[in-house]
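Reviewing the structure listed below.
Read-outs throughout are calculated quantities, based only on the coordinates presented, and are distinct from any laboratory measurement. Please read all numbers here as calculations on a predicted model, not as lab measurements. So basically every Cβ, Gly included, is an ideal-geometry build from the backbone, and we count neighbours across all protein chains shown.
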Amino acid sequence: MRSLLVVLLCGAVALAEHHGDPLSDKDHFQGDKHDAKFDHDAFLGKDQAAEFDELTPEKSKEKLAKLVPKMDSNGDGFIEEAELKDHINFMQKRYVNNDVERTWKNYKSEKIVDGKIGWRDYREMVYGSPDGVGQELSPEYTKMIARDEKRWAAADYDSDGKMDRTEYGCFMHPEDCDHMRDIVVEETDGVVDLEEYIGDMYRPSDYPELNGKEPDWVQSEREMFKEHRDKNADGKLDKDEMRDWIMPVGFDHADAEAKHLVASADDDKDGKLSAEEIIAHYDTFVGSQATDYGEQLQKHDPSDL
Ligand SMILES: [Ca+2]
Ligand SMILES: [Ca+2]
Ligand SMILES: [Ca+2]
Ligand SMILES: [Ca+2]
């Protein structure tokens, strides 16, 4: 479950990057999928996470302390699981909205006719030509355009060839739209074996203190792969198994993350978090390690809490 969450998160960020910078060709499901990173991104929203990355621990704790009363919607001085879940949902929604809004605004107003943008205009804006005639393209570029075109067709819910604002949101963040499940899976480049599965979320270099010994969570991911993900036990995940992993029907990410955060920080085991518990575990909530992935995140515009 952890990996699923992390993969979805990274997918969202990579997709946003991809559309912000057409020259980069980041695979949607690559990057650092560090466990701790996911917590802090889910909790802060991906744009906020970048901002917190630049703060000292003291500043982070200070900002976190200010956030606690805002999350405490029933005003009892504690943060319950439901309040955390609302907070995570809010941060996620805000991140996606801001991200879609920002790129939507980048399309010149004349390209958006009756609230919609057509494929040729999109292609010209992002890739420099409406149809590619006479364009010299690198193989990576060609691959990206083909991927965009497929995704465009999937996101075009009313099949009029254009994206309205809602369809465009699904185009940019397919992981948030149920009807985009197949395309998200397709974009993962097919079959994954156990080593790829693990290599996708774990880098030994992040754990120098373990001298190459795998952390416990990696061991449990190996078991997860064998016992749950690889349903037909052939040592690989095919498309159907990937689909269940990446975008299971009815799975509530915010709920799972809220439960996980309470479990990680509830030192006195009363089932809720005090401000002190949250601040004592500030690293789980807002901390991060300097990684490539963190640098990617920092390209996003930070906005206020
Ligand atoms: Ca409360
Ligand atoms: Ca449409
Ligand atoms: Ca299998
Ligand atoms: Ca507690």
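Under a cut-off of 22 Å between alpha-carbon atoms, report the lysines in cross-link reach of Lys236, not counting same-chain residues fewer than 8 places apart. By straight Cα distance, Lys236 reaches Lys33, Lys226. Footprinting exposure proxy ranking of Val192, Val113, fewest other C-beta atoms within 10 angstrom first, gives Val113, Val192.
Under conditions of 37 °C and 0.692 mPa s, the range 133-262 yields 187 µm² s⁻¹ as its translational diffusion coefficient, taking Rh as the Kirkwood radius over Cα pairs in the Stokes-Einstein equation. Computed from the C-beta positions of Lys239 and Lys213, the FRET efficiency with R₀ = 35 Å rounds to 0.55.
Using r as the Cβ-Cβ distance of Glu136 and Asp158, and R0 as 41 Å, what FRET efficiency do you calculate, to the nearest 0.05?
0.75
GluC sites (Glu not before Pro), restricted to the range 132-171: which are DSSP loop and have at most 15 other Cβ atoms within 10 Å? Passing sites in the range 132-171 are Glu136. Annotation for the range 44-113: trypsin sites (Lys or Arg not before Pro) lying in DSSP loop with at most 13 further Cβ atoms inside 10 Å of their Cβ are Lys108.
Projected onto their three principal axes, the Cα atoms of the range 120-207 cover extents of 46, 34, 22 Å, largest first.
The label point for Asp270 and the one for Asp206, both projected 7 Å from the Cα toward the Cβ, are 3.3 nm apart.
Working note: Cα gyration tensor of the range 77-168, eigenvalues times five, square-rooted, sorted largest first, giving semi-axes of 34, 16, 12 Å. Its alpha carbons considered, the range 192-237 gives a radius of gyration followed by a Dmax of 11.4, 36 Å.
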